[in-house]
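Heads up, the thing below is written out as structure tokens.
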Amino acid sequence: LMQLSVPLNFIGFIYREIRQGLTDIEQMFDLLDVPQEVVDRPGAEPLKVEEGTVEFRDVHFAYDPDRQILKGISFKVAAGKTVAIVGPSGAGKSTISRLLFRFYDIQQGAILVDGQDIRDVAQESLRAAIGMVPQDTVLFNDTIAYNIRYGRTDATEAEVQKAAELAQIGSFIEALPAGYKSMVGERGLKLSGGEKQRVAIARTILKAPPILMLDEATSALDTHTEQEIQAALDLVSRGRTTIVIAHRLSTVISADEIIVLKDGRIAERGTHVDLLRERGLYAAMWDRQREATEAEERLRIAREAD
Ligand code: ATP
């Protein structure tokens, strides 16, 4: 029995190592809500990104055959430009980001990157070309440096630190007792939503993808954090083709085009000024949000006066 226990221990060790690796991967896929069913076409070539234009051409999509989520969506993001997607909860905004990453195949229409149908290219090359900053980043149970370096595993320590600084989280990390070696994730330091998002931004800065997909947090952040994150996002999206699922007014105001999604269709489109003039769905959303922001501001001032 003694003779057996050593190899068994060893197997246990290997098993735990593999489990941890799998947990990391599972977390990534959970986070991205990925079913792993899409496969490369035989002989699929890598995507060739020259400018980084993105086009959705009459895209129809359903997760389940009996419930259509996107019902003919067409839009184009020119190289280096920003398109903001807004719309009520459940309208299909996050679905658009999952489709661009090709986590699912569409039922009709086409999604093109620099004119190449994403179904025809190697998935790995497609995903390498797109940086994703999700609302809520799942961190690995490892050091904060590891979590940032995940954006580009061969990045040097100096590059990791530079990315953290650009993402406005450098000074926060340096103030931690173990600095960049601090453990984070479930078994380590718990980071706030805003801090996690900045880790995701730092990863994306390292990855330096030509195309960026941002999913802004819906949860309210304090004004200071929000400004810091906004500054970091502006920096990372500069000169990159950007699609942003927008919840902040500052984002939509500066977008080259805003797409208002409702019930799986584009209800309105245009710039902020165009859409305010239309006095439609977007103008109503904007008014509501402005009222909410003003009410919050009044509350804050009242609290401070107490
Ligand atoms: P929110 O602003 O609340 O995040 P959204 O506009 O991003 O909403 P999506 O997440 O794109 O909305 O979801 C669109 C619709 O698709 C929702 O009704 C949702 O229930 C459905 N849906 C999302 N993911 C799946 C899935 N994996 N399987 C089945 N239905 C799904």
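The values are calculated or read from the model by the stated rules, or taken from the named source; none is laboratory data. Everything numeric in this text was worked out from a predicted model, so none of it was measured. Note: ideal-geometry Cβ built from the backbone for every residue, glycine included; neighbour counts use all protein chains shown. SASA here: full protein model, heavy atoms, side chains in, ligands and nucleic acids out. Shrake-Rupley method; radii C 1.70, N 1.55, O 1.52, S 1.80 Å.
Screening VAL86 on (1) open to solvent by less than 40 Å² (accessible area, probe 1.4 Å); (2) more than 16 Å from the ligand (Cβ to nearest atom) shows it passes everything except condition (2). Restricting the first member to segment 282-306 and to residues that are in contact (Cβ under 8 Å) with a residue 60 or more places away in the chain, and the second to residues that are open to solvent by less than 50 Å² (accessible area, probe 1.4 Å), the beta-carbon pairs closer than 6 Å and six or more apart or on different chains are TYR282/VAL260; TYR282/GLU268; TYR282/LEU275. Given (1) out of contact with any Lys or Arg (no Cβ under 9 Å at 6 or more places or on another chain); (2) open to solvent by 40 Å² or more (accessible area, probe 1.4 Å), identify the lone condition not met by MET213. Going through the list (1) out of contact with any Lys or Arg (no Cβ under 9 Å at 6 or more places or on another chain); (2) open to solvent by 40 Å² or more (accessible area, probe 1.4 Å), MET213 breaks only (2). Looking at segment 236-278 only, could you name the residues that are open to solvent by 50 Å² or more (accessible area, probe 1.4 Å), free of Cβ contacts under 8 Å to residues at least 24 places away in the same chain and not hydroxyl-bearing (Ser, Thr, Tyr)? Correct list: ARG238, ILE253, VAL273, ASP274, ARG277, GLU278. Report yes if PRO46 is free of Cβ contacts under 8 Å to residues at least 12 places away in the same chain and either under 30 Å from ALA283 (Cα atoms) or not acidic (Asp, Glu) (or both), otherwise no. No: the conditions fail for PRO46.
Selection of segment 127-173 for residues being of a type in the set (Val, Ile, Thr) and within 16 Å of the ligand (Cβ to nearest atom) yields VAL133, THR137. Remark: SER94 matches the filter, which requires a residue to be within 16 Å of the ligand (Cβ to nearest atom), among the polar types (S, T, N, Q), surrounded by 14 or more Cβ atoms within 10 Å (Cβ to Cβ) and modelled with pLDDT under 95.
All conditions in (1) modelled with pLDDT of 90 or more; (2) within 16 Å of the ligand (Cβ to nearest atom); (3) not in a strand (DSSP E or B) hold for PRO209, with the sole exception of (2). For segment 55-70, the set of residues classified as more than 7 Å from the ligand (Cβ to nearest atom) and open to solvent by less than 60 Å² (accessible area, probe 1.4 Å) consists of GLU55, PHE56, VAL59, HIS60, PHE61, ALA62, LEU70, listed by residue number.
Listed here are the residues, each with its yes/no results for (1) open to solvent by 70 Å² or more (accessible area, probe 1.4 Å); (2) touching an Asp or Glu at 6+ places or on another chain (Cβ under 8 Å); (3) within 16 Å of the ligand (Cβ to nearest atom); (4) modelled with pLDDT under 95.
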{"position": "GLU17", "(1), (2), (3), (4)": "yes, no, no, yes"}
{"position": "GLY21", "(1), (2), (3), (4)": "no, no, no, yes"}
{"position": "VAL34", "(1), (2), (3), (4)": "no, no, yes, yes"}
{"position": "ALA44", "(1), (2), (3), (4)": "no, yes, no, yes"}
{"position": "GLU51", "(1), (2), (3), (4)": "yes, yes, no, yes"}
{"position": "VAL77", "(1), (2), (3), (4)": "no, yes, no, no"}
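When you scan segment 227-241, do you find a residue that is under 28 Å from ILE73 (Cα atoms) and within 16 Å of the ligand (Cβ to nearest atom), even just one? Looking through segment 227-241, none of the residues is under 28 Å from ILE73 (Cα atoms) and within 16 Å of the ligand (Cβ to nearest atom). Note on segment 173-205: residues that are closer than 12 Å to ALA232 by Cβ and either modelled with pLDDT of 95 or more or not basic (Lys, Arg) (or both) amount to 9. For segment 97-113, taking the residues that are away from the ligand (no atom under 13 Å from the Cβ) and among the charged types (D, E, K, R), the one that is surrounded by the fewest Cβ atoms within 10 Å (Cβ to Cβ) is identified as ASP105.
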